[in-house]
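Peer 1: Pasting a structure here, questions to come.
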């Protein structure tokens, strides 16, 4: 049954003003929700309402511990609806239910963390260098925009909403067109938790319409974006015209390095998880595996045994490890990359095709795929596929290995598997990535900043200082001198 979704705009639950469209369940292609897309006029109404609401005493005058209380209530609201939200996100993007449960729990933890960070956040009394007292304080930027992706909506939206609210900002969301539901549900929970109407709005629709209008709006003071690099570069160009700060968490082509002394059981499990969980639809997916030549054959044997054992199937099944890709169009893109890899000389060791029969024929499924025989310079090894495709590459020399790992426009994440802590530090320090995992992969902590370098983005999310991304810094000087300033000759 198709559910009609209203959205939250300028403090009112209503249909947006644009054309109606529908979203589909990737597992079988069925229509699960219908809603109206937002328009440029909706963007202006939401932003104007947010600017008004943020200046009202009901929000502007809240003490930090009072804002923290609201964030704690949002966390509790997410947990109270945890299973429902996990099932709704499963319908939104086809992720296995075990994964969507983890994402919902992560979102609740994010609000809880920033509640604590908000309540304990201190301004600074700086060392005086004369007859004056100096202070550094942080004030909310104002109305900020958030543009979020389809692959992990509730977690990404929480990572933007929680610090923005903690800072005292108002926020206008543009969720991915095909996965709008989690932002809408978070707006409901935030309203019930005591966030004043107008502080949060949700504007579903096309990025070329809603996203552009949001970035260009003169009252928007910051954009937090997670998504593709080409879109992020466009946002950065528009933001530059306003001298507006941004945080851009963009694409990746992350290398994972298996050293000669690695524990292969751990390494194989980590590489499998790093690329095939989330069906590879992850910016930090470990899509290039560099394996030392001395253990390459054994690693490959164990890896292929592990790939063959992965359970691809219905996202509603508790046992499923890989669900469908987000839609048929994205599957076609992944298929084109695999075909390109074969044309470039690669050999498909497993996968490289769609599973067949039953549910597989109705949904946008694709088998986990392993390819070897390609150089790191191959297009398939250089560009982000955003799907369950792993390139296996042997290495011999550490200097050459590091050159290959860093020979990429992206720099989001990387992994190292070794028993040698000195080698781990040496290699990790040389990798040009924002995150390095050592003997683990794709684990996250909200207390630890996350972001990329090069074309993987700018700025950081998470961590206690994540609140400061949504503030402007102001300095105060309090004169303590007994006599008038001497310059005027008094």
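The values are calculated or read from the model by the stated rules, or taken from the named source; none is laboratory data. What you are looking at is a predicted structure, and each value in this text was computed from that prediction instead of being measured. For neighbour counting, all protein chains shown are included, and Cβ atoms are generated from backbone atoms with ideal geometry for every residue, glycine included.
Peer 1: Only one of 465, 485 is modelled with pLDDT under 95, over 17 Å from the mean Cα position of the chain (by Cα) and not assigned by TED's automatic domain parsing to the domain that holds residue 117; which? Give the derivation first.
Peer 2: Details: 465 fails: not assigned by TED's automatic domain parsing to the domain that holds residue 117.
So the residue among 465, 485 that is modelled with pLDDT under 95, over 17 Å from the mean Cα position of the chain (by Cα) and not assigned by TED's automatic domain parsing to the domain that holds residue 117 is 485.
Peer 1: For the stretch 415-429, which positions are in a helix (DSSP H, G or I) and within 18 Å of residue 291 (Cβ to Cβ)?
Peer 2: First, the residues of the stretch 415-429 that are in a helix (DSSP H, G or I): 421-429.
Scanning the stretch 415-429 gives 423, 424, 427, 428.
Peer 1: If you don't mind, another one. For the list (1) at pLDDT 95 or above; (2) under 15 Å from the mean Cα position of the chain (by Cα), I need the number of the one condition that residue 133 fails.
Peer 2: Exception for residue 133: condition (2).
Peer 1: A follow-up question, please. Looking only at the stretch 443-462, which residues are in contact with a strand residue (DSSP E or B) (Cβ under 8 Å, 6 or more places away or on another chain) and either in a loop (DSSP other than H, G, I, E, B) or more than 30 Å from residue 234 (Cβ to Cβ) (or both)?
Peer 2: Restricting attention to the stretch 443-462, the residues satisfying the condition of being in contact with a strand residue (DSSP E or B) (Cβ under 8 Å, 6 or more places away or on another chain) are 443-444, 449-462.
If the condition is that a residue be in contact with a strand residue (DSSP E or B) (Cβ under 8 Å, 6 or more places away or on another chain) and either in a loop (DSSP other than H, G, I, E, B) or more than 30 Å from residue 234 (Cβ to Cβ) (or both), then 443, 444, 449, 451, 452, 455, 456, 459, 460, 462 are the ones that fit.
Peer 1: I need the full set of residues from the stretch 21-62 which are in a loop (DSSP other than H, G, I, E, B) and closer than 30 Å to residue 471 by Cα, in order please. Before you say what the answer is, go through the steps one by one.
Peer 2: Going residue by residue through the stretch 21-62, those that are in a loop (DSSP other than H, G, I, E, B) are 25-30, 37-39, 55-56, 61-62.
Scanning the stretch 21-62 gives 38, 39, 55, 56, 61, 62.
Peer 1: Scan the stretch 334-349 and give yes if some residue there is outside the structural domain of residue 86 (by TED's automatic domain parsing), touching a helix residue (DSSP H, G or I) at 6+ places or on another chain (Cβ under 9 Å) and within 19 Å of residue 95 (Cα to Cα), otherwise no.
Peer 2: yes
Peer 1: Please count how many residues of the stretch 199-221 are assigned to a loop (DSSP other than H, G, I, E, B) and surrounded by 24 or more Cβ atoms within 10 Å (Cβ to Cβ). Even if it seems obvious, please write down each step before you answer.
Peer 2: So in the stretch 199-221, the residues assigned to a loop (DSSP other than H, G, I, E, B) come out as 199, 203-206, 217-219.
Within this subset, residues satisfying the condition of being surrounded by 24 or more Cβ atoms within 10 Å (Cβ to Cβ) are 199, 203-205.
Going through the stretch 199-221 one residue at a time, the tally reaches 4.
Peer 1: For the stretch 1-20, give me each residue that is part of a loop (DSSP other than H, G, I, E, B) and either closer than 12 Å to residue 204 by Cβ or at pLDDT below 95 (or both). Write out each step before concluding.
Peer 2: Just the residues of the stretch 1-20 that are part of a loop (DSSP other than H, G, I, E, B), to begin with: 1-2, 5-6, 10-11, 15-19.
Matches in the stretch 1-20: 1, 2, 5, 6, 15, 16, 17, 18, 19.
Peer 1: Report, by residue number, each residue of the stretch 430-439 that is more than 17 Å from the chain's Cα centre (by Cα), in a loop (DSSP other than H, G, I, E, B) and at negative phi.
Peer 2: Matches in the stretch 430-439: 431, 432.
Peer 1: Residues 304, 325, 272: which one is assigned by TED's automatic domain parsing to the domain that holds residue 409, in contact with a helix residue (DSSP H, G or I) (Cβ under 8 Å, 6 or more places away or on another chain) and closer than 21 Å to residue 441 by Cα? Steps first, please.
Peer 2: Details: 304 fails: in contact with a helix residue (DSSP H, G or I) (Cβ under 8 Å, 6 or more places away or on another chain); 325 fails: closer than 21 Å to residue 441 by Cα.
The conditions single out 272.
Peer 1: So which strands (runs of 3 or more DSSP E) stay within the stretch 80-195 end to end and still have 2 or more residues that are buried (at least 16 other Cβ atoms within 10 Å of the Cβ)? Talk me through it step by step, then tell me what you get.
Peer 2: Working: elements: 124-126, 132-140, 143-147, 170-174.
Fully inside the stretch 80-195 and qualifying: 132-140, 143-147, 170-174.
Peer 1: Of all residues in the stretch 110-119, how many are more than 20 Å from the chain's Cα centre (by Cα) and touching a residue at least 60 places away in the same chain (Cβ under 8 Å)?
Peer 2: 2
Peer 1: Now for a different question. Filter the stretch 452-462 down to the residues that are on the phi > 0 side of the Ramachandran plot and surrounded by fewer than 20 Cβ atoms within 10 Å (Cβ to Cβ), then identify the one that is nearest to the chain's Cα centre (by Cα). First the steps, then the outcome.
Peer 2: Keep residues of the stretch 452-462 that are on the phi > 0 side of the Ramachandran plot, which gives 454, 457, 459, 462.
Among the residues that remain, those that are also surrounded by fewer than 20 Cβ atoms within 10 Å (Cβ to Cβ) are: 454, 459.
On the way: 454: 17, 459: 12 Å.
The extreme case among them is 459.
Rundown of residues vs (1) more than 23 Å from residue 462 (Cβ to Cβ); (2) free of Cβ contacts under 8 Å to residues at least 60 places away in the same chain; (3) not assigned by TED's automatic domain parsing to the domain that holds residue 175, yes/no style:
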| position | (1), (2), (3) |
| --- | --- |
| 218 | yes, yes, no |
| 221 | no, no, no |
| 230 | yes, yes, no |
| 238 | yes, yes, no |
| 244 | no, yes, no |
| 261 | yes, no, yes |
| 264 | yes, yes, yes |
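Peer 1: Which condition breaks for residue 68 when tested against (1) surrounded by 13 or more Cβ atoms within 10 Å (Cβ to Cβ); (2) in a helix (DSSP H, G or I); (3) out of contact with any helix residue (DSSP H, G or I) (no Cβ under 7 Å at 6 or more places or on another chain)?
Peer 2: So residue 68 meets the others, but not (3).
Peer 1: Still on this structure: Name every residue in the stretch 311-338 that is more than 24 Å from the chain's Cα centre (by Cα), in a loop (DSSP other than H, G, I, E, B) and either at pLDDT below 95 or buried (at least 18 other Cβ atoms within 10 Å of the Cβ) (or both), in order of residue number.
Peer 2: Selection gives 313, 314.
Peer 1: Considering only the stretch 426-442, state which residues are closer than 20 Å to residue 248 by Cα and out of contact with any helix residue (DSSP H, G or I) (no Cβ under 7 Å at 6 or more places or on another chain).
Peer 2: Residues satisfying the conditions are 433, 434, 435.
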